[in-house]
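Since every read-out is calculated from the coordinates, none of them should be taken as a lab result. Just so you know, these numbers come straight off a predicted model, no measurement behind them. Neighbour counts are summed over all protein chains in view; Cβ atoms, including those assigned to glycine, are modelled from backbone coordinates with ideal geometry.
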2 protein chains.
Amino acid sequence: MRSSLNGTARSGDRVRAVRSPSLVPSDSAGLGFGSRIVLGDCIQVLDALPPASVDLIFADPPYNLQLQRALHRPDDSLVDAVDDDWDQFESFAAYDAFTRAWLKAAKRVLKPDGALWVIGSYHNIFRVGTALQDLGFWVLNDVIWRKANPMPNFRGRRFTNAHETLIWASRDAKARYTFNYEALKAGNEDVQVRSDWFIPLCTGDERLKDGAGRKLHPTQKPEALIARVLLSSSKTGDVILDPFFGSGTTGAVAKRLGRRFIGIERDPAYAAAAEARIALIDPLPEASLANFTTAREAPRVAFSSLVERGLVTAGTVLTDDKRRYVATVRPDGSLMSGPQVGSIHKIGALVQGAQACNGWTFWHVNDNNGRLSPIDALRARIREEMGVL
Amino acid sequence: MRSSLNGTARSGDRVRAVRSPSLVPSDSAGLGFGSRIVLGDCIQVLDALPPASVDLIFADPPYNLQLQRALHRPDDSLVDAVDDDWDQFESFAAYDAFTRAWLKAAKRVLKPDGALWVIGSYHNIFRVGTALQDLGFWVLNDVIWRKANPMPNFRGRRFTNAHETLIWASRDAKARYTFNYEALKAGNEDVQVRSDWFIPLCTGDERLKDGAGRKLHPTQKPEALIARVLLSSSKTGDVILDPFFGSGTTGAVAKRLGRRFIGIERDPAYAAAAEARIALIDPLPEASLANFTTAREAPRVAFSSLVERGLVTAGTVLTDDKRRYVATVRPDGSLMSGPQVGSIHKIGALVQGAQACNGWTFWHVNDNNGRLSPIDALRARIREEMGVL
DNA sequence: ACCTGACCTGAATCACACC
DNA sequence: AGGTGTGATTCAGGTCAGG
């Protein structure tokens, strides 16, 4: 397999562009001037690049998921798992060795003031972060990608795995890394951008499909995520390197944002799809580059947050407006009526024998004057604090 | 077993309860029955506790590298790349050794089905997560505490560090850990709780002050955060251990929520402040804390018992809710569909060509009005008779 | 054109009691 | 202790067909 990846390379030159490996920057593949996709093993390709030649690296390495068995949704449909060969490692030690090897090679090609982003999940991100630190990278932030629409936990055995983690690190502690603070703040209603980013998954038209209409790549990232990475920590004209290029999202975003890129990918099918994808991208007019706003928070408020903040205390007895029914607040934000436990809505429906009930308007607390006040009034106070109306 | 929890203090031990190290559980310090604060080094105290005696551990370990002079010698630290900055490697190695030592000691005192939470930031959480995995803990989720009111980044050189990371891990991959899924969902608008939690910092009256009005402890965590941890992954009466007790937030929340706790703290001033703080806590009313039976835990009912009791008679034809499939009840409680005979679940799956099927909710009978009613409703009547809801 | 509802899908470490 | 059978469990958002 490995030989086929670079079998066309000349002796002593394992680095080759998918197409037109010219010696000067060109754009015959439509990737943008100075940009290219290189087919091959990422460590070998990195080792063949000149040292200190890259401004920023974005890496989406294998996560080393350790899936035990098939998973079905409650409707019995099968979850399309990431079970590709490239994500299989024998042990944590094997994964660590792989991680240290590519990080070390990546560090060599970074300019002295360069920086690196890596994305991962709890399966691998701790290994990556530890390796980074051991190799002398200097962590600047860990950033949370909060998924707007994550896959639920179908068996109800854990919290919804609703985020992934990115680590942003400079080459070393002395590096004068790029951070476009003012532009980010200006695009964020004049508030500093936080370390938690709320961005939807890559779905719909943005998701690349194969000939049969199936997803081309199992882990394609949303362009909005990469755009925020590049806009925050690179400049126009910078060279961005992605050692696990996959479907080429980094290249697509880099081209659109006026950055150059080097994408390394060992699967020829992915590399070809990426090339075709990126060729269709039109760079944005320079004037328009740095505008993004953070997504609005979902205005949903959990009853449990009222309990957490002490607006309603556990043990409080709620009633309806005519004091016909009662229920007791539990510390987890559920309600109890006799032996029944459930949400404010479920228990509201249950005590009335109704199909459904809006618990926010149904249930009331006694205010200081002995008058009843709906819990919805308390929710409004939380929303005010959140800045959401 | 419970008496042995506090029967190990001997003269010469550095393990000592702050007050009243009695041989039986007591509450002379007002901490709640079975709860206590132990003064001493966390590893030594952990080693003196009986094995497999703790349900849940919550740990907020130090990450300040200056604390390392008190750390233990490196045990199995990995010697790796030769070009690393030696000083830095040394300090990380010392932190790793400390982390592995306390995690190993913590694992010993956990019950087989116990679990552990650790909180940290990008300075230390990767080291902790790696050590956890290497020691055989099984990560269940990483959870993001999104701070409602984080400290801004004053110099404008990074993203606002607006979150901290918690790792929730069971003692090992086989552990049947506690997760109060239904109650959490009920308190969250009937939507399962995600891995990102939005909670304010500990400020105002909740923040403990010293005599001069300065904050008593530099990293006091909000009670709301700990409450969500304990409510999600422990039961009333469980023993919660906090090896870095500090200002005693874990104890305060545990007492309020009807859990027992063991707090280990090496600073007598913190331990004393924690004790005083916790003594003032009133546990919530028992009515709001009662454990309840979830659908998973409800006693099994055999379909044959419905037939035996005449709730369904042999020969009845069952259908699904859309009357697409039929099957006939046999006197032994099995179903027959054509030539196939099997359980309500097996036949339900078979007629649909599905992997699995919950026969209780799939199959229906015609009630007196000619409407369909799931056989699960009949099971509920049996469970009522049994006194279980 | 617009609405409704059925159907599909996403980096997932997703049982457990009983014999 | 290993094999077997029961039976509990999903959210947001997109597409697409049909009215």
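For the stretch A:303-386, the Cβ-based charge dipole about the Cα centre amounts to some 180 debye (Lys, Arg positive; Asp, Glu negative; other atoms uncharged). For the residues of A:143-152, the average number of beta carbons from a partner chain within 10 Å of their own beta carbon is 3. Candidate cross-link partners of B:Lys104 among the aspartates and glutamates, defined by an alpha-carbon separation under 13 Å and a same-chain spacing of 8 or more, comprise B:Asp47, B:Asp75, B:Asp76, B:Asp96, B:Asp134, B:Asp172. For chain B, the relative contact order comes to 14 percent (Cα pairs under 8 Å, sequence separation of at least 6). Rounded to the nearest 5, the antiparallel percentage of DSSP beta bridges internal to the protein assembly as shown is 60%. Protection proxy ranking of A:332-345, A:353-366, by the mean of other Cβ atoms within 10 Å over each peptide's residues and highest first, is A:332-345, A:353-366. Between A:Ala356 and A:Lys235, the contour length at 0.36 nm per residue exceeds the Cα-Cα span by 38.2 nm. If the chain linking A:Glu384 and A:Arg73 were pulled fully straight, counting 0.36 nm for each residue of separation and taking away their Cα-Cα distance, it would gain 108.3 nm.
Taking 15 Å as the cut-off, the amide N atoms of the stretch B:351-389 that come nearer than this to a point 7 Å along the Cα-to-beta-carbon line of B:Phe292 belong to B:388-389. Lys/Arg Cβ at +1, Asp/Glu Cβ at -1, dipole of the protein assembly as shown taken about the Cα centre: which of B:Ala52, A:Val118, A:Gly353 is farthest positive-ward? Selected residue: A:Gly353.
Under the simplified labelling scheme, the A:Arg371-A:Asp84 pair shows an inter-label distance of 6.3 nm, with each label point 7 Å from Cα along Cα→Cβ.
DSSP beta bridges confined to chain A are antiparallel in about 60 percent of cases.
Charging the Cβ of each Asp and Glu at -1 and of each Lys and Arg at +1, and nothing else, the dipole of the protein assembly as shown about its Cα centre rounds to 880 debye. For A:Gln352, the distances from its label point to the matching points in the remaining copies are 3.2 nm, ordered from shortest, with each point set 7 Å beyond Cα toward Cβ. With its label point defined 7 Å out from Cα along the Cα-to-Cβ axis, B:Ala295 lies at 2.8 nm from the matching points of the other copies, in increasing order.
Counting only residues at least eight positions apart within a chain, or on another chain, the aspartates and glutamates with an alpha carbon under 17 Å from that of A:Lys255 are A:Asp27, A:Asp55, A:Glu206, A:Glu223, A:Asp238, A:Asp242, A:Glu275, A:Asp282, A:Glu286. Would you work out if chain A is rounded, prolate or oblate? Take a ≥ b ≥ c from the square roots of the eigenvalues of the alpha-carbon gyration tensor; rounded if a/c is under 1.5, else prolate when a/b is larger than b/c, oblate otherwise. Prolate, since a/c reaches 1.5 and a/b exceeds b/c. Its Cα centre serving as origin, the stretch B:36-288 has a Cβ charge dipole (Lys and Arg +1, Asp and Glu -1) of approximately 600 debye. Sorted from closest to farthest, the other copies place their A:Phe154 label points 5.1 nm away, with each point set 7 Å from Cα along Cα→Cβ. Listed by chain and number, the lysines whose C-alpha is less than 23 Å from the C-alpha of A:Lys346, apart from same-chain residues fewer than 8 away, are A:Lys322, B:Lys185, B:Lys235.
Shielding value for A:321-332 is 4, the average number of Cβ atoms from other chains within 10 Å of each residue's Cβ. For the peptide A:86-97, the mean number of other protein chain Cβ atoms found within 10 angstrom of a residue's Cβ is 1.
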